[in-house]
Amino acid sequence: MSNQFYQIKIKAYKYPRLTGEAFYYFGKLLDTLVSLKNSYTEFAEILTFLLYYIEYVVGGIEMDYTLVYSINNEKSPETVYVNLTNSCTNRCIFCLREQKNDVCGAEMWHDDNYKLEDVISQFEAYKPTPKEVVFCGYGEPFLRREMMKEVCKYLRANYPEVKIRVNTNGHANAIYKTNVAEEFKNLIDTVSVSLNAADASMYDEICKPKISNAYEEVKKFIKACTDAGIKVSASIVTGFDKIHNIDTKKCEEIAHSLGAEFRNREFITNGY
Ligand code: SF4
């Protein structure tokens, strides 16, 4: 085996998520070439990912894990964001992950292969201590439920004045088949749950959920959070295309009926 091939193999193991996706996109590329049915956009998406994969994994560029970051790389921000995972049980059509690899220059992709101390040391690098920590990033934070719990416990013990928010797709209770909201009621202050639509069929179209009955599960999760005494903001994103006309008023009514506040986020190309 040549040395170069050996290096590629090592990197491929080191970044299993990227490698998995590379196989997926290689498959799609073959499909596209054979059937010629896919659109130009889809073809461009496939090529973009493969070039990215080749650059990092085959090209041997080391990826810096961005676990904690600030908007515009600010050194003394009021809010820092925690990027615990790139996995998600949705594949929203407006998701930034479909368009770019970074937020404000912070490389967001990683393979979850890090420790609690890594998150803590990246958080500690921000001075003075930020006022707010938001779990979001390129993925669903509750998919690293235990890691998030440990980070929250660390923050509560060492920085009780820091407010903690989680931006979530609201699938946690359905995934773990337990009341995750109850587990986190003393560890987080607010959650922002992506409601994203006024009914299940629109939700499925926009979010492409990998769990069944997702829209109902999201609503149940919002209610579970408000019942647990966690402040909830149910959000939708509008303006990402001209096809999906989301019934904003109905979404607002649903949010309020579940005890949550409502937020309509205008889609911004860069997400910030
Ligand atoms: S829930 Fe969030 S991270 Fe997951 S696909 Fe949708 S926008 Fe992206």
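Residues of the stretch 226-272 being in a loop (DSSP other than H, G, I, E, B) and in contact with a strand residue (DSSP E or B) (Cβ under 6 Å, 6 or more places away or on another chain), which ones? Give the derivation first.
We begin by selecting, within the stretch 226-272, every residue in a loop (DSSP other than H, G, I, E, B); these are 228-230, 239-247, 258-260, 267-272.
Within the stretch 226-272, Ile230, Gly239, Ile246, Ala260, Phe267 meet the criteria.
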Is one or more of the residues making up the stretch 115-123 farther than 20 Å from Thr190 by Cβ, in contact with a Leu (Cβ under 7 Å, 6 or more places away or on another chain) and either within 16 Å of the ligand (Cβ to nearest atom) or acidic (Asp, Glu) (or both)?
-> yes
Subset of the stretch 71-91 that is in a loop (DSSP other than H, G, I, E, B) and surrounded by fewer than 19 Cβ atoms within 10 Å (Cβ to Cβ) - its residue that is nearest to the chain's Cα centre (by Cα) = Ser87
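Looking at Arg145, Arg156, can you tell me which residue is out of contact with any helix residue (DSSP H, G or I) (no Cβ under 8 Å at 6 or more places or on another chain), of a type in the set (Lys, Arg) and in the same structural domain as Phe262 (by TED's automatic domain parsing)?
Values: Arg145 fails: out of contact with any helix residue (DSSP H, G or I) (no Cβ under 8 Å at 6 or more places or on another chain).
The conditions single out Arg156.
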Answer with yes or no whether Tyr154 is surrounded by fewer than 18 Cβ atoms within 10 Å (Cβ to Cβ) and in a helix (DSSP H, G or I).
-> yes
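Being closer than 23 Å to Glu98 by Cα, part of a helix (DSSP H, G or I) and touching a residue at least 24 places away in the same chain (Cβ under 8 Å) is the filter here; which residues of the stretch 194-221 pass it? Give the derivation first.
Keep residues of the stretch 194-221 that are closer than 23 Å to Glu98 by Cα, which gives 194-197, 200-212, 214-215, 218.
Checking the rest, the ones that are also part of a helix (DSSP H, G or I) come to 200-207, 214-215, 218.
Answer for the stretch 194-221, where residues must be closer than 23 Å to Glu98 by Cα, part of a helix (DSSP H, G or I) and touching a residue at least 24 places away in the same chain (Cβ under 8 Å): Met202, Glu205, Ile206, Cys207, Ala214, Val218.
In this structure, is Asn186 in the same structural domain as Lys115 (by TED's automatic domain parsing) and more than 22 Å from Arg263 (Cβ to Cβ)? If you could, list the steps in order and put the result at the bottom.
Working: in the same structural domain as Lys115 (by TED's automatic domain parsing): yes; more than 22 Å from Arg263 (Cβ to Cβ): yes.
Yes: the conditions hold for Asn186.
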Select from the stretch 194-216 the residues that are out of contact with any His (no Cβ under 6 Å at 6 or more places or on another chain), within 13 Å of the ligand (Cβ to nearest atom) and over 17 Å from Asp247 (Cα atoms) and list them in ascending order.
-> Lys208, Pro209, Lys210, Ala214
Residue among Ala106, Ala172, Ala157 that is within 16 Å of the ligand (Cβ to nearest atom) and at pLDDT 95 or above | Ala172
Residue that is farthest from the ligand (Cβ to nearest atom) [pool: residues in the stretch 175-193 that are more than 23 Å from Ile211 (Cα to Cα) and part of a loop (DSSP other than H, G, I, E, B)] = Asn186
Could you tell me which numbered condition Gly239 fails, if it satisfies all but one of (1) in contact with an Asp or Glu (Cβ under 7 Å, 6 or more places away or on another chain); (2) exposed (fewer than 15 other Cβ atoms within 10 Å of the Cβ); (3) modelled with pLDDT of 95 or more?
-> (3)
Please verify whether the stretch 251-268 includes one or more residues that are touching a Gly at 6+ places or on another chain (Cβ under 6 Å) and without any contact (Cβ under 8 Å) to a residue 60 or more places away in the chain.
-> yes
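The values are calculated or read from the model by the stated rules, or taken from the named source; none is laboratory data. What you are looking at is a predicted structure, and each value in this text was computed from that prediction instead of being measured. Cβ: placed from backbone, ideal geometry, glycine included. Neighbour counts: every protein chain shown.
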